[in-house]
Amino acid sequence: MLTAVTGATGFLGLHLVRELLARRRRLLLLARPHPLPAPVRVERFLRTCGADAEELRVARTHLQTREIALEDGFLGLGREGFQRLADRIDVLWHCAGDISFGSSLQQARRTNVDGTRHVLRLLTAGERAPLLCHVSTVAVAGARPDGVVEEKELDASFGFNTPYEQSKFEAEGLVHRWVSEYGGRALVFRPSCLATHRPAHPDRPHHPLQVLARQVGAMLRRHPELTGTPGPMALPVPAGAGTNVLPVEHAAYAMVEAAARHTGDRPRIHHVVNRRNLPMTEVIAALGDHFGVPVDTSWRSSRAPQDMRRTLPAYAYWLSFSRTYEGAGLARLGLACPARPVVDRDYVAAALH
Ligand SMILES: NC(=O)c1ccc[n+]([C@@H]2O[C@H](COP(=O)([O-])OP(=O)(O)OC[C@H]3O[C@@H](n4cnc5c(N)ncnc54)[C@H](OP(=O)(O)O)[C@@H]3O)[C@@H](O)[C@H]2O)c1
């Protein structure tokens, strides 16, 4: 049985690969060209996790790689190579994605929408009726600010704050159409914001909280007036605002376990989320601690109240979200996020180091 993985060298993909290898899956990494071959990057990552000799041996004996060009209709393999690949695959984890908030809609669509279309084409061309494990995101809920987002929902009526959200929404739509029109077999996973409290390492890609911190750091350097006056910086946050952050180790475990237990042809959509929303005040407090900048998040704060909203517009909307996510699918399988580690201010502080 052959499991193909796109995006295996990314933050989530590396954790998925580790979980799949733990179950002794034979993996074919579909990776774009890179100076370091994908298996080398996987091995380096496993070492950062403290993998023992046996885990490294399994990785060396269970991994193959095929270079692909996701944006090409035949994945850069030509018609025959494409067909040969299609006929070998039993399961495909589609985890590759352009997650940058800075990409234009056109750029984000090239990887996220066209890439998904080409992967679906590959699965349709194959003779083995493969199972697709599609990595979507809770961000497909777009600009919806509040309420409980249900797993069955895929609703564009709130619009989108970023090209990332819109392109991931469109990509997930393609998967649902593939299921209904071609009888494709699919599991859709929608993780929330993934992080880890393990120390940063050059052989592990950054997670979104680290990316946010890098951007906040750049903003503080560009706008010294924000911190140059006495007293805390004002960043008012509405009561109840929160986000959902989940340890990546649990997310990868739950996704791989849910796929292993999946039977039958019925498609499933799983929110992969923390059962507790993280109050936005705790995220901001942890960022403030990280940069040594005291922050006042109360609505009473009067100095420069909209600063971050103006200077980091890609994140501004996120400060006032209070929406939560149904997590019934994984809960039914006994795979809901455990209560520990608690994702709170201390967790975020550790994740930023
Ligand atoms: N991180 C999160 O919090 C989070 C939350 C929800 C959903 N997700 C979803 O999870 C998936 C992975 O996210 P991530 O955080 O692991 O991102 P990441 O660290 O940026 O990794 C992205 C992966 O996709 C590959 N990739 C990107 N563009 C590609 C292209 N044009 N052709 C082939 N491969 C390409 C990258 O390859 P290289 O190594 O060569 O760059 C890398 O392996 C995405 O679909 C994202 O939407 C992530």
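We did not get these values from a lab; they are worked out from the coordinates using the rules stated. Every value quoted in this text rests on a predicted model; they were computed, and no experiment measured them. Reconstructed Cβ throughout: ideal geometry from the backbone, glycine too, with neighbour counts over all protein chains shown.
For the chain, excluding the exposed loop sites themselves (GluC sites (Glu not before Pro), DSSP loop, at most 16 other Cβ atoms within 10 Å), the longest remaining stretch covers 154-325. Relative to the compact-globule estimate of 2.2 N^0.38 Å, the Cα radius of gyration of the stretch 1-138 comes out at 1.03. For the stretch 43-90, applying the loop criterion from DSSP together with a ceiling of 13 other beta carbons within 10 Å to the trypsin sites (Lys or Arg not before Pro) yields no site.
Roughly how many Å is it from the Cα centre of the stretch 63-88 to that of the stretch 187-245, as a whole number? Taking the Cα centre of the stretch 187-245 as reference, the centre of the stretch 63-88 is 37 Å away. Computed extension length for ASP90-HIS176: 29.0 nm, one decimal, from 0.36 nm per residue of separation with the Cα-Cα distance subtracted. For the chain, the relative contact order works out to 18 percent when only alpha carbon pairs closer than 8 Å and six or more residues apart are counted.
Where Rh is the Kirkwood radius over the Cα pairs of the stretch 60-104, the temperature 10 °C and the viscosity 1.306 mPa s, what D in µm²/s does Stokes-Einstein return? Display every interim value, and only then the final one.
Details: Rh = 12.7 Å.
Stokes-Einstein gives a translational diffusion coefficient of 125 µm²/s.
Taking the Cα-to-Cβ direction at MET219 and at LEU36 and moving 7 Å from each Cα, how far apart do the two end points lie in nm? Roughly 3.0 nm, to one decimal.
Give me the number: length gained by fully extending GLU67 to ARG44, i.e. 0.36 nm times residue separation minus the C-alpha to C-alpha distance, one decimal in nm.
On the way: separation 23, 0.36 × 23 = 8.28 nm, distance 1.91 nm.
Taking 0.36 nm per residue and subtracting the Cα distance, the gain is 6.4 nm.
Once the Cβ-Cβ distance of LYS152 and SER320 is raised to the sixth power relative to R0 = 25 Å, the FRET efficiency obtained is 0.45. For the stretch 93-143, relative contact order (Cα pairs under 8 Å, six or more residues apart, normalised by length) works out to 49 percent.
Within the chain, what's the longest stretch lacking chymotrypsin sites (Phe, Trp or Tyr not before Pro) that sit in DSSP loops with no more than 16 other Cβ atoms inside 10 Å? Mind showing how you got there, number by number?
On the way: sites that count: PHE158, TRP299.
That gives 1-157 as the longest site-free run.
Kirkwood analysis of the chain, using all unique Cα-Cα pairs, places the hydrodynamic radius at 21.2 Å.
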